[in-house]
Amino acid sequence: MNPPHRLRRVRTNVYVDGFNLYYGAVRGTPYKWLNIRRMCELAFPKNQIAEIHYCTALVRDTPRNPQQSLRQQTFIRALETTGVEVHYGSFLTSTVRMPLAKPRPGGSRTALVVKTEEKGSDVALGALLVAHGYQGRYEAAIVISNDSDLTLPIRIVRDELGLPVGIYNPHPRFSVELVKVATFRKQIREGVLSAAQFPETLEDTHGTIRKPGGW
């Protein structure tokens with residue numbers, strides 16, 4: 001008797017908008033110590049998760065959060081133990097005058113604020129998605145983001161290369177623009193986040209990696 005036929009799993013690359021994932025799914029939760037590869041394997045068991053590209057920028061410490069850069073670098077080390085490739089954008093900080101939402105009668109209608117913007121992650125993600133598609137590095141792609149700026153690169157891969165691109169959304173609602181171009185879509189659920197946590201400690205070539213305190 002011949003063994004049952006097993007369907008070949010589709011070779012799938014994953015492209016992660018790091019800040020979109022953080023602010024959409026894990027900020028303020030106990031799930032920050034997230035093994036992204038494991039999360040994708042659990043969420044898409046019929047896909048062969050191949051390359052994972054994580055696009056982010058290095059954060060800066062602040063008086064209110066003096067350890068955030070160390071926590072981020074520790075997390076990145078943990079991701080790299082699973083073969084995740086990290087690509088860096090940058091932060092721009094400027095002082096700008098913004099209108100107050102509720103100005104006091106007779107008082108100023110504006111205030112000086114420190115504005116921090118992350119630059120480059122979405123551009124890097126879109127460029128990698130398109131370039132790797134043309135290079136034949138995947139048969140399907142998953143984008144972890146809900147940023148509508150990624151509409152064009154997803155459309156290029158879908159229409160010009162004929163390759164499926166799905167959205168794995170960290171946010172409660174889907175971008176209308178992304179829904180129009182995505183081949184498939186799925187939402188990140190708490191159960192998967194909980195099941196895809198790194199162990200408290202793990203090892204890399206530099207030594208022991210420990211889960212940051214408070215995570």
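Here are the numbers for this structure:
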{"read-out": "Relative contact order for the stretch 79-215, counting Cα pairs under 8 Å that sit 6 or more residues apart, in percent", "value": "16"}
{"read-out": "Amide H contacts under 5 Å for residue 142, placed H, 5+ residues apart", "value": "13, 14, 15, 166"}
{"read-out": "GNM result for the chain, Cα springs below 10 Å: residue of 185, 173, 137 fluctuating most strongly", "value": "173"}
{"read-out": "The chain: calculated mean residue ellipticity at 222 nm from DSSP helix runs of at least 4, using -39500 (n - 2.57)", "value": "-8000 deg cm²/dmol"}
{"read-out": "Identified option (computed semi-axes √(5λ) of the Cα gyration tensor in Å; candidates (1) 34, 23, 16; (2) 27, 24, 16; (3) 26, 19, 16)", "value": "(1)"}
{"read-out": "Acute angle (nearest 10 degrees) that the helix 121-134 long axis makes with the longest principal axis of the chain, alpha-carbon atoms", "value": "20"}
{"read-out": "The stretch 6-25 and the stretch 34-59: distance between their alpha carbon centers, rounded to Å", "value": "5"}
{"read-out": "Note, ³J(HN,Hα) from phi for the stretch 197-207, Karplus 6.51, -1.76, 1.60, rounded to Hz, x at Gly and Pro", "value": "8, 5, x, 4, 9, 8, 10, 9, 5, 9, x"}
{"read-out": "Using alpha-carbon coordinates, inclination of helix 68-80 to the longest axis of the chain, degrees", "value": "10"}
{"read-out": "Choice from 150, 112, 202 with maximal GNM fluctuation in the chain (Cα, 10 Å cutoff)", "value": "112"}
{"read-out": "Between helix 151-160 and the chain: long-axis angle, C-alpha atoms, 0 to 90°, nearest 10", "value": "20"}
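Only the coordinates and a few stated rules stand behind these numbers; no lab work does. Just so it is clear, the structure is predicted and the values come from calculations on it, not from any experiment.
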